[in-house]
Every structure is written in structure tokens, then in C-alpha cells.
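Here is the structure we will look at, set down as C-alpha cells.
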Amino acid sequence: LKDFATYNQIVQNSRGKKNTAAFGVCKKQKAFVAGVLPQFVLFVASDYVSAQEILNQINSLGKKYMYLPPKEEVLVSNKGASVSSRALRSQVLYAMSNGLDGVVTTPEALCQKYPFKNSFLANVITLHKNDSTDIFKVAKGLVSAGYSQVDEITVMGDFTRRGDILDVYCPGYDNPVR
């Protein structure tokens, strides 16, 4: 691959932090090039189906990429958006700040608003086993982040409080955490 001038130009541009686009190359070749680049890559696919194909191809190369979905209801207030969509977007944004190799997304998702990195990270709540914290402050932070306080957790983005016990269904987990 290093013998191809186009590949070398893409690598040189990316190392020089220049935005680079590859046209006239098939999806698999683009996915391969993105998968071998040493720095963070933002890969814009034409649609959801293409994004999923590319994501699977890049991750099969041993890289850790995630899909950044668009908001489901662009013309509705944040309160109307799907909690799972918000949770997935938050999961990807958090992973981006913690060494994610790259993101695959669509033009629709790129056209939407995102929080500033420092503002986003300032609102991340990190709890550790056996830590003591103000449960009311945590619950208030969860509500302001878009979580729903419910009697019984059913979907990602729900949380429930019973006395001093807080159960939260966070992005990145298969089940709620206590």
C-alpha cells in the first residue's frame, strides 16, 4: 500500500492535520485506509446502512470506531428526542474524549449541534464502588442530562431511586447499574 501515491498523500495530509477526502475509491478501500491511519478519523458515510458496513469493516481491522447517530427528531425540542438516541450520542462523545480511534457518521449527524468538549465533560458524572455522594445531586444531574426518573427501569436513559439506592441504565452497559 505504501507504494501507491494516493495512499501516501492521504497519510501525509492526515499527519499534517489537513482535512482529506477520498473520491473514486470503493467503500472497502476507504474503510481500509481509515483503519490503518494512526490518528483519529472522522468518516462520513452517505447513509446509515453504508455507515454500519464501514464501521464493521474498520472494526474488523482491530480499530475501535463507533457510530455517531443523528438526533431522531431535529425539529422537536431536546425533551422530545429519543432517550436512547441521546444516550448513544453521549456515549460516542465521551469515548471521543477518551482515546477512540475514530467515528463513522452521516452528513445529517454532522449538521447538528454538539456541546463544547469542556462543557460536556464538566457534566459527566463518575461514580466509583464504595464512594459516598449526594444522591439528590446525582439524580438532579441525571435529569438535566436527559435521563428519566421512573418507578421501573425499562430502557437506556432511565433511572430509579429507592431510598439510598440509585439504579441507572447508562449507555455502554447491557443492564442498569446500581
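The values are calculated or read from the model by the stated rules, or taken from the named source; none is laboratory data. Bear in mind that the values here come from a model prediction, so they are computed numbers and not experimental data. Note that each Cβ is placed from the backbone with ideal geometry, even for glycine, and that neighbours are counted across all protein chains shown. For the accessible areas, the whole protein counts, side chains as well, though only heavy atoms, and no ligand, DNA or RNA atoms are used. Shrake-Rupley method; radii C 1.70, N 1.55, O 1.52, S 1.80 Å.
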How tilted is helix 5-15 with respect to the longest principal axis of the chain? Cα atoms for both, answer in degrees (0 to 90, nearest 10). 40
Probe 1.4 Å, all chains present, heavy atoms only: L127 accessible area in Å², nearest 10, is 100
Ignoring ligands, DNA and RNA, what percent of the accessible area of the chain is carbon or sulfur (1.4 Å)? 54
Report ³J(HN,Hα) in whole Hz for each residue of the stretch 62-67, in order, from the Karplus equation J = 6.51 cos²θ - 1.76 cosθ + 1.60 where θ = phi - 60°; Gly and Pro get x. x, 8, 10, 10, 10, 8
Rounding to the nearest 20 debye, state how big the charge dipole of the chain is about its Cα centre with +1 on each Lys and Arg Cβ and -1 on each Asp and Glu Cβ. 700
Mean residue ellipticity (222 nm) of the chain, computed from DSSP H runs ≥ 4 via -39,500 (n - 2.57), nearest 500: -11000 deg cm²/dmol
S132, S97, ranked by accessible area, largest first (probe 1.4 Å): S132, S97
Any idea of the accessible area per residue across the chain, 1.4 Å probe, to the nearest Å²? 67
From the backbone phi of the stretch 85-98, what are the Karplus-calculated ³J(HN,Hα) couplings (6.51 cos²θ - 1.76 cosθ + 1.60, θ = phi - 60°) in whole Hz, Gly and Pro given as x? 5, 4, 5, 5, 5, 5, 4, 5, 4, 5, 4, 4, 7, 10
Helix 27-36 versus the longest principal axis of the chain: what angle, 0 to 90°, nearest 10, using Cα atoms? 80
